[in-house]
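The values are calculated or read from the model by the stated rules, or taken from the named source; none is laboratory data. As the structure is a computational prediction, the values presented were derived from the model and not from experiment. Backbone-built Cβ (ideal geometry, glycine too); neighbour counts: all protein chains shown. Heads up: the accessible areas ignore ligands, DNA and RNA and are worked out on the full protein's heavy atoms, side chains in. Shrake-Rupley method; radii C 1.70, N 1.55, O 1.52, S 1.80 Å.
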Amino acid sequence: MKTLSVVLPVYNEEEMLKNVLKQIKKVNVLEIIVVANGCTDASVKIAKEEGCTVKVIEKRMSPHEARMEGAKTAKGAAVLFVDGDIILSASELERFVQPLLFGHSDVVLNKWGKMKTNAFNRSELMWSTVLHHALGKPHHTNAYLKAPYGVQLSVLKNYWELPPLSLFVTFLTQYRVSMSMSIETQGKGSFRPFDRPLRTKERIQSYQKLLQTYYTLASNRKRRVNMLAQPIPVVEHGWGKLSSFYGGKQLSIIIPVCNEEQTIKQVIAEARKLEPLEIIVVINGSTDQSEAYAKEQGVKTLVYDERLGHDCGRAAGALAATGDILLFIDGDFVLSAQELYPFASAVASGVDVALNVCEDEAKLTHFVQGWKYVLNETVGRKDLLMSSMTAVPHAISRECLQKIGLQSLVIPPFAQVKAIIEDFRVQAVHHVDVNKFNRFRYSEHIPLKSHSPTAELIIHDHIFAFLSYLQRD
């Protein structure tokens, strides 16, 4: 059986430290290394009295950095990391490290149990979902490099300088990992808001490296972005009216359409109730009667014989729009005017980007929703949850569109990030459950591998926006 060193970072844990050490000492350990991480209380004195090796760090480090500093002095063949503010029983610790000490694994991680969903845990679940998806692994566990976890010293000493997420990825992809045991730590430990910036910075930097390594950004080869530089192919100049609904501002409604002859008349009928200055139907490679039906309804019609690709229809419609408020909807399902009005009304009242509220707790671990949440959190808008310009309905002000550039609409998450960076008011204003209405397309929605082509496109768009934000000047 291998020898074991325990590394224990502490920050002013004098009230709990003796009890934490009491349990650890019941386990057959070679040494206990206490890392005094910016302590100002009696933690150092207590650790020395208990016979621990003490390493004092004057300037506070992140928890991960403190653990690595302690591990650098370890003499055991394996290292177990625990926290100084959570008391774990000796029996739990003994069972947890068994795979490590008997050479059955190189790394042991804590398997998270079912987590109560709150703001903090939602974040953890979403980042974990994205991580596992990026690695091409099933989302069967939420384990991170969170104490307790253990590593063979011969493995760990090769990666001292890696940030936690990169180290975790290295473990998952290159070594034998055991995640069979769950030790409940949720809700335990001290509340330290000052640790959050350090943890967040570590995590975002790690994800930047991870995405650059594991993903090739999708090109625009499936999107005919060049059409935005071409003359607008207006076939019909349609009906419109000046409205008093929007405080003197006027509304343009943009509806991309591809073979929507079954729904387009009803979609236009509901849109007309909003008293728009114009309804712009963008015929995006349709081969059915969509174009004829749109003209019959008296709307402005733009006809593209070949499909422009995802979201290019929105950009084309925006290029032709003249209103102060641009409302984007789809032609494949009918939403009532009552459901659409809150988006236009919000922009009329001062919101610049009005999004569909998406906060479905049941979909927390869906990887597409995970990417949406991670992007919003990264740009400092965790309040938006999974709300995204990828989804309709949404509306945007003319002022915002001019600033972020019309072409950015081709990659909706990128447009959203640009609007946030430019300090425009981006807000989720109203919930419409579009999933139950959205038309199912076999070529786009059937998973070919782990997810569908449409999901893959949305994910790549979010990666592009994520990296664009992190790499901005």
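For the stretch 222-263, taking the residues that are among the small types (G, A, S), open to solvent by 50 Å² or more (accessible area, probe 1.4 Å) and more than 23 Å from D311 (Cβ to Cβ), the one that is nearest to the chain's Cα centre (by Cα) is identified as G247.
Residues that are open to solvent by less than 10 Å² (accessible area, probe 1.4 Å) and closer than 18 Å to R95 by Cα within the stretch 6-42 comprise V6, V7, V20, L21, I24, listed in sequence order.
Let's see how each residue does on (1) in contact with a helix residue (DSSP H, G or I) (Cβ under 6 Å, 6 or more places away or on another chain); (2) in contact (Cβ under 8 Å) with a residue 12 or more places away in the chain; (3) open to solvent by 30 Å² or more (accessible area, probe 1.4 Å):
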residue: G298; (1), (2), (3): no, yes, no
residue: G313; (1), (2), (3): no, yes, no
residue: P342; (1), (2), (3): no, yes, yes
residue: V347; (1), (2), (3): no, yes, no
residue: E359; (1), (2), (3): no, yes, yes
residue: V379; (1), (2), (3): yes, yes, no
residue: V392; (1), (2), (3): no, yes, no
residue: I404; (1), (2), (3): yes, yes, no
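Among the candidates K45, K59, K72, the residue that is basic (K, R) and either open to solvent by less than 50 Å² (accessible area, probe 1.4 Å) or in contact with a helix residue (DSSP H, G or I) (Cβ under 9 Å, 6 or more places away or on another chain) (or both) is uniquely K45.
The strands (runs of 3 or more DSSP E) found entirely in the stretch 1-120 that carry 2 or more residues being under 30 Å from the mean Cα position of the chain (by Cα) are 107-109. Out of curiosity, is A354 in a strand (DSSP E or B) and at negative phi? Criteria met by A354. Mind listing just one residue for me: the one in the stretch 416-465 that is open to solvent by 30 Å² or more (accessible area, probe 1.4 Å), modelled with pLDDT of 95 or more and assigned to a helix (DSSP H, G or I) and, of those, farthest from F333 (Cα to Cα)? Taking the candidates together, the pick is I421.
When the test is whether a residue is assigned to a loop (DSSP other than H, G, I, E, B) and either among the aromatic types (F, W, Y) or open to solvent by less than 10 Å² (accessible area, probe 1.4 Å) (or both), G331 passes it.
Of (1) surrounded by fewer than 18 Cβ atoms within 10 Å (Cβ to Cβ); (2) without any contact (Cβ under 8 Å) to a residue 40 or more places away in the chain, M386 satisfies all except one. Which? With (1) surrounded by fewer than 18 Cβ atoms within 10 Å (Cβ to Cβ); (2) without any contact (Cβ under 8 Å) to a residue 40 or more places away in the chain applied to M386, the lone miss is (1).
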